[in-house]
Amino acid sequence: MTKKTPTTLQAPVESLTNAQAKAELSWLATQLRAANKSYHGADAPDISDADYDHLKQRNKSIETAFPTLKRDDSPSEQIGAAPADGFGKIKHVVRMLSLGNAFSDDDVFDFDTRVRKYLGRENEIGLAYTAEPKIDGLSLSLRYENGHLFQAATRGDGEVGENVTANARTISDIPHQISGAPDVLEVRGEVYMSHEDFAELNARQSDAGAKTFANPRNAAAGSLRQLDASITRARPLRFFAYAWGDLSAPLAQTQSDAIARLQSFGFSTNPLTQICSDPAAMIAHYQKIEQQRATLGYDIDGVVYKVNDLGLQHRLGFRSTTPRWAIAHKFPAELAWTRLERIDIQVGRTGALSPVARLTPVTVGGVVVSNATLHNEDYIAGRDGDGQPIREGRDIRPGDWVQIYRAGDVIPKIKDVDLSRRAKDAPAFVFPDHCPECGSAAIREEGDAVRRCTGGMICPAQAIEKLRHFVSRGAFDIEGMGAKQVEQFYADGWVETPADIFTLRARFGDGLQQLKNRDGWGETSANKLFDAIDSKRQIALSRLIYSLGIRHVGDSSAGLLANHYGRWDAFETAMTQAQIGEGDAWDTLTSIDGIGAVMATSLITAMQQEAERASIDALVAQLEVQDAVAASSDSPVAGKIVVFTGTLEKMTRAEAKARAEALGAKVSGSVSAKTDILVAGPGAGSKAKKAADLGVQTMDEDDWLTLIGDA
Ligand code: IVH
């Protein structure tokens, strides 16, 4: 069905009726879907970048003004890199992670301090690091088996990437055959395009009336992710190798030697890679690279530091998405001036009132920006959380000329405001003290930078945001129940809390009349939805915890909590105990690697808040929560409760804990009858005695390392 172009396209969003907004959103979804398809699939775009951005912005502003009309297939939820139809999927044997960021010299010193602390080398100087340019392209993993290029995959979501083997084979920097390498070798690196090649490609595209690219990174990504490899072949792509994944034998003992080996196999490696013996040397090399940036001939956006000793890299290991042994020191962000049209207040699922700057669209570092975060009311008023002036105390007012910056993929921010261009009578922005969605008082607790709506579940914005989070992909992910449906059900008063989703069949299932009479619902689709809901009654503990939408608790923290407590009732009891200060529940909670005091406070508060708790209890009553499977169920310590005490000599306490948890053990701070193993180093005192009294198995550090196979 071809949808007619809406006549309201030029009308201000505020003037649209519900029906007009709905029709426009539907048209925009079709247009943007077609544009995405032609961009990623056929490389024959039919609209310009600017038009594409304009449609996206229009879509976003209608969604903001009419949040309940946001479509399930909303174009704003689509990530540019979503796997295109037609690419096979490849599961990475070793996940492809990202890097933590450093933005200042202090951050680099802090990184070195963290590394040395983790390794128990606080007082030693001279831990060696490699420093190399951070290439602004897209990462690629190349798997060689017996020296033959077997397959190539993009990073995708880090776990599963797109199979781009045929495309990778067309890149001249990528050898098809290598010799002297381990039988299995995954080489990882960055696909990029040089400035010169980018300019030529854009000129060719433009001559042919085809889409030009906004920057070399987009051009590289668009060229590699082609369904037709002959298009990739015609694109001048290059590749730098800087890392590896799955290996059948180690490459070397140091990062620098491993990179030298990759070079000996025929890969291009970056000539600006250097070994640095301390943070000062790292920063000096960063400055040298920054000076050469403009003449390198390809885009880089920072410098990556990596611990050189691979044994130490192994000991340092990974946090949920980033390695502890590496960091990216980013170059300062790019800047642009534009006009602040208005300040909107959005209400999140935790009730936070977030001010958003609506800007006259401007290009910053190759990306069109029309929204920026304003953080909170202090930030708008020109002061930081401690009341100290920022921007020398200059506040931000609607109508102002503001300077925007963006670093990498982070949300654009406002850096400065030009007072000389401000109208004399421009009023200061007054931050609302009532929720714009439900009218409840919005209050700021002491020490909190954010003002929050006190409406809780009566606030439609919070309730809807919570429900949308609840049905989202990483959470319950119920087929046929997306953001659009929960909003519709909420508007109809059928679903107000997550538990209501699970009673839908009981309430409407028999007659199905009310549902059947609704737009787009028939008996089959309603039954299908009820079946999909029922299929999610069995749910993993980590997903359940994540789905609750508790402030600060993301999916990786939910995973940590689930692994630690194992069962819903153990988790629930521990939260109650931590709240009332019983036993060592609080200490145990905050001793989980990755769970700090702020998250712990948020957890126990949410779990004890009356309305929230009633909603959680009602939900859990509808479910069969599956216990967490220990991270590594085949390890000898999986599921065991372990306590470390005394001085550990071969590893630091943080390292011992992270390693034990990675093997599926639960690490506790105190000995009880439930403790399975006490690892006691020299100087162990009362805990060792208590363990002996309770008959808990006790061993020294060497025995522990033998037990876990690390001796
Ligand atoms: S090392 C465990 N080295 O930056 C992570 N990454 O922001 C190993 N990147 O996903 C990555 N240049 O795509 C590494 N010299 C370099 C890099 C580099 C660019 C990219 C890579 C990574 C992203 C993280």
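The values are calculated or read from the model by the stated rules, or taken from the named source; none is laboratory data. Note that this is a predicted model, so its numbers are computed, not measured. Positions of Cβ are generated from backbone atoms using ideal geometry, with glycine treated the same way; all protein chains shown enter the neighbour counts. Ligands, DNA and RNA are excluded from the accessible area calculation, which covers all protein heavy atoms including side chains. Shrake-Rupley method; radii C 1.70, N 1.55, O 1.52, S 1.80 Å.
List of remarks:
- Selection of trypsin sites (Lys or Arg not before Pro), segment 84-131, meeting DSSP coil and at most 16 other Cβ within 10 Å: Arg95, Arg121
- If you sort Phe530, Phe150 by accessible surface, 1.4 Å probe, largest first, the order is Phe150, Phe530.
- Rounded D (µm²/s) - segment 613-711, Kirkwood Rh over Cα pairs, Stokes-Einstein at 25 °C, 0.890 mPa s: 167 µm²/s
- Nonlocal amide H pairs with Thr254, under 5 Å, H built at 1.01 Å: Leu310
- Dipole moment magnitude, nearest 20 debye, the chain about Cα centre, only Lys, Arg, Asp, Glu C-beta charged: 1040 debye
- Translational diffusion coefficient (Stokes-Einstein; Kirkwood radius from C-alpha pairs) of segment 205-347 at 37 °C, 0.692 mPa s, in µm²/s: 173 µm²/s
- Scattering from segment 454-585 was approximated by placing one identical point on each alpha carbon and applying the Debye formula without solvent; log10 I(q)/I(0) at 0.19 1/Å stands at -1.10.
- Selection from Val160, Thr170, Ser268, by position along the positive dipole direction of segment 153-268 (Cβ): Thr170
- 18 Å tail of the calculated P(r), segment 102-261, as % of Cα pairs: 66 percent
- Close amide H contacts of Asp246 (hydrogens built in the peptide plane, cut-off under 5 Å, sequence separation of 5 or more or a different chain): Val94, Glu186.
- In the chain, the DSSP-assigned H stretches of four residues or longer account for a calculated mean residue ellipticity at 222 nm of -10500 deg cm²/dmol, using -39500 (n - 2.57) per stretch and the full residue count as denominator.
- Segment 572-654: proportion of alpha-carbon pairs further apart than 22 angstrom, %: 45 percent
- Cβ-placed point charges (K, R +1; D, E -1), dipole of segment 560-686 about Cα centre in debye, nearest 20: 440 debye
- All distinct Cα pairs of segment 280-372 go into the 1/r average, and the inverse of that average, the Kirkwood radius, is 17.2 Å.
- Thr273 sits among other residues whose Cβ lies under 10 Å from its own Cβ, and their net charge, with Lys and Arg +1 and Asp and Glu -1, is 0.
- P(r), alpha carbons of segment 373-490 - 10 Å bins starting at zero, rounded %: 12, 28, 30, 22, 7, 0
- Hz values of 3J(HN,Hα) by residue in segment 342-347 - Karplus curve (6.51, -1.76, 1.60), Gly and Pro given as x: 6, 10, 9, 10, 9, 10
- Local electrostatic count at Trp337 - Lys and Arg +1, Asp and Glu -1, tallied over other residues with Cβ under 15 Å: +3
- Along its three principal directions, the equivalent ellipsoid of segment 222-294 from the Cα gyration tensor extends over semi-axes of 29, 21, 10 Å, largest first.
- Look at the dipole of the chain built from charges on Cβ: of Ser670, Ala618, Val367, the Cα furthest out on the positive end belongs to Val367.
- Signed unit charges on C-beta, dipole axis of the chain, positive-most listed residue Leu335, His285, Leu127: Leu335
- Karplus-derived 3J(HN,Hα) values for segment 329-337, using 6.51 cos²θ - 1.76 cosθ + 1.60 with θ = phi - 60°, are 8, 7, 6, x, 5, 8, 10, 7, 9 Hz; glycine and proline are entered as x.
- Asp301, Asp702, reordered so the largest accessible area comes first (probe 1.4 Å): Asp702, Asp301
- Within the chain, the cysteines lacking any other cysteine Cβ closer than 4.7 Å to their own Cβ are Cys276.
- Residues whose placed amide H lies under 5 Å from that of Thr675, excluding near-sequence neighbours: none
- Counting only Cβ charges, +1 for Lys and Arg and -1 for Asp and Glu, the dipole size of segment 174-311 around its Cα centre is about 280 debye.
- Average 1/r across all pairs of distinct alpha carbons in segment 672-711, invert it, and you get the Kirkwood radius: 10.5 Å.
- Convex hull volume of the Cα atoms of the chain, normalised per residue: 192 Å³.
- With only the Cα atoms considered, segment 310-448 has a convex hull volume of 167 Å³ per residue.
- Relative contact order computed over the chain (Cα-Cα under 8 Å; 6+ residues apart), in percent: 9 percent
- Rounded to whole numbers, the Karplus 3J(HN,Hα) couplings from phi for segment 231-237 are 6, 4, 4, 7, 9, x, 8 Hz, using 6.51 cos²θ - 1.76 cosθ + 1.60 with θ = phi - 60°, and x at Gly and Pro.
- Peptides 224-230, 605-611, 484-490, 383-389 ordered by average Cβ neighbours within 10 Å, highest first: 484-490, 224-230, 605-611, 383-389
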